[in-house]
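Chemist: Attaching a single structure in structure tokens format; questions to follow.
All of the numbers you see were taken from the coordinates with simple rules; none came from a lab. What you are looking at is a predicted structure, and each value in this text was computed from that prediction instead of being measured. Don't worry about glycine lacking a Cβ; one is built from the backbone with ideal geometry, like all the others, and counts go over all protein chains shown.
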Amino acid sequence: MSLKGASSAKPARLVALRGGASNARVEGSVVLVGAGPGDPDLLTIKALKALQAADVIVHDGLVSAEILDLAPAKARRIDVAKRKSRHTLPQDDINGLLVALAQDGLSVVRLKGGDPFIFGRGGEELEACRAAGVDCTVIPGVTAALAAGASSGAPLTHRGAAQAVTFVTGHAAHGEPDLDWPALARPNHTVVIYMGLSTAGLIAGRLMDAGRASATPALVVVNASRADEQRITTTLSDLAEVAAGLSGPALLMVGEAMALAQAGGADLALDILTNRSALA
């Protein structure tokens, strides 16, 4: 039974997976697994072992098909993908689903793109499992920023150009992200913005208003680590224009060390190489 499109369904109605006359309660478990940025070679060995031992895999939309194919054929897959303005299941229902599956005696892998604890709402799922008395463990994954920096040759920290790195979200539950803009505007500091394509103009404006130079190098990476990865170099002042022409999972990276980035990827739609002199 597929759960796609079942946004109004309640998890308790979706989990009659094991029947039988026995009244003995079998304890299941939940493992929050970081699937990494998409390249299956970046999956950890521990994550692979968890996948191979799973009865059911509850996965999000950022998990690549190549990684899902590493799971055994017997493992049931449940897609709870979230997209902007379209949730297959609300987060509270996902939490309840994980608990219900485990209480049915199943070994549940909650497979999440990147790392479960880096803007992955893994903390909420862990809390829900703990509150229900369900055993829940976490396997970290390679977060997208690490893959984006590595593939583009742009170090997130650099002794001469970036003594700090901060990960922030460009998307808040209600309105503008509540961020410390003066702190983020300090020089020699890399700022990585997750989920920031639609708010790139706002973020760039706030950083410049707080004192970050408009010529600060910036990098946008779409589909980090995947075959269709795109890397676009630009400056803080042009970040909004670059982001407006893109779609898909993307990272915005701002900081002096981004001057070391190499543009590249498949079918780049924007040419901002005329700004290269400003990035030197």
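Chemist: Could you sort 105-117, 176-188 so that the peptide with the highest average Cβ count within 10 Å comes first and the rest follow in order?
Modeler: Details: 105-117: 24.2, 176-188: 14.7.
Highest to lowest by the protection proxy: 105-117, 176-188.
Chemist: Given a Förster distance of 30 Å, report the FRET efficiency between residue 186 and residue 247 from their Cβ-Cβ distance, rounded to the nearest 0.05.
Modeler: So the FRET efficiency works out to roughly 0.45.
Chemist: Still on this structure: Would you mind computing, in nm to one decimal, how far apart the modelled labels at residue 209 and residue 73 are, each placed 7 Å from Cα along Cα→Cβ?
Modeler: Using points 7 Å along Cα→Cβ, the separation is 5.8 nm.
Chemist: May I pose another question? Can you tell me what share of the DSSP beta bridges in region 144-279 is antiparallel? A percent to the nearest 5 is fine.
Modeler: In region 144-279, approximately 75 percent of DSSP beta bridges are antiparallel ones.
Chemist: Quick one: of the DSSP bridges fully inside region 26-139, what percent are antiparallel, nearest 5?
Modeler: If we restrict to bridges inside region 26-139, about 15 percent are antiparallel.
Chemist: Give the dimensionless ratio obtained when the Cα radius of gyration of region 183-247 is divided by 2.2 N^0.38 Å.
Modeler: On the way: Rg = 11.7 Å, N = 65, 2.2 N^0.38 = 10.7 Å.
Cα Rg divided by the expected 2.2 N^0.38 Å: 1.09.
Chemist: Working out 0.36 nm times the residue gap between residue 159 and residue 132, then minus their Cα-Cα distance, what length gain in nm do you get to one decimal?
Modeler: Working: separation 27, 0.36 × 27 = 9.72 nm, distance 4.60 nm.
Here the answer is 5.1 nm.
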